[in-house]
Ligand SMILES: [Zn+2]
């Protein structure tokens, strides 16, 4: 099993700091590699739930995986209608308007409150 094709130049440029870890996992037998990946995913998903405020954890200053994912997300959703500093009276939403994950959660919470 190869979890990531190391020959992928895009991968190498974007994740140079992770190549050694990926090489290690790729060197393991498949069952052990799957166990390692499952353990890492459990940590990443837990950190995402803490980082998004879905669950509480007193040690939330150790969210390194979440912070990486959040940085990528913010880069991708940088033009969120609600996060941008715009005058909502001048800029009306249209089919190209984007809303980031955090604002979607905020809107969802508001709609839940309104409908309760
Ligand atoms: Zn937003």
Practice task
Check the range 103-116 and report whether any residue there is modelled with pLDDT under 90 and exposed (fewer than 12 other Cβ atoms within 10 Å of the Cβ).
Solution key: yes
Problem - Residue pairs meeting the criteria (Cβ under 6 Å; at least 6 apart or on separate chains; first within 15 Å of residue 104 (Cα to Cα) and in a loop (DSSP other than H, G, I, E, B), in the range 75-93; second modelled with pLDDT of 90 or more and away from the ligand (no atom under 12 Å from the Cβ)) - result: 81/93
Handout entry: Top-ranked residue in the range 94-116 [being part of a loop (DSSP other than H, G, I, E, B) and near the ligand (Cβ under 8 Å from one of its atoms); ranked as nearest to residue 54 (Cα to Cα)]
Key = 100
Problem - Residues satisfying the stated conditions in the range 41-64, i.e. touching a residue at least 24 places away in the same chain (Cβ under 8 Å) and in a helix (DSSP H, G or I) - result: 44
Practice task
Say whether the condition of being within 22 Å of residue 18 (Cβ to Cβ) and under 14 Å from the mean Cα position of the chain (by Cα) is met by at least one residue in the range 83-106.
Solution key: no
Practice task
Please tell me if residue 42 is within 16 Å of the ligand (Cβ to nearest atom), loosely packed, with under 14 Cβ neighbours inside 10 Å and under 19 Å from the mean Cα position of the chain (by Cα).
Solution key: no
Fill in the blank from the handout: Out of (1) within 12 Å of the ligand (Cβ to nearest atom); (2) within 26 Å of residue 43 (Cβ to Cβ); (3) surrounded by fewer than 11 Cβ atoms within 10 Å (Cβ to Cβ), the one residue 73 does not meet is (3)
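The values are calculated or read from the model by the stated rules, or taken from the named source; none is laboratory data. Computed from a predicted model, the values in this text were never measured in an experiment. When we count neighbours, we look across all protein chains shown, and the Cβ atoms used for this are built from the backbone with ideal geometry, even at glycine.
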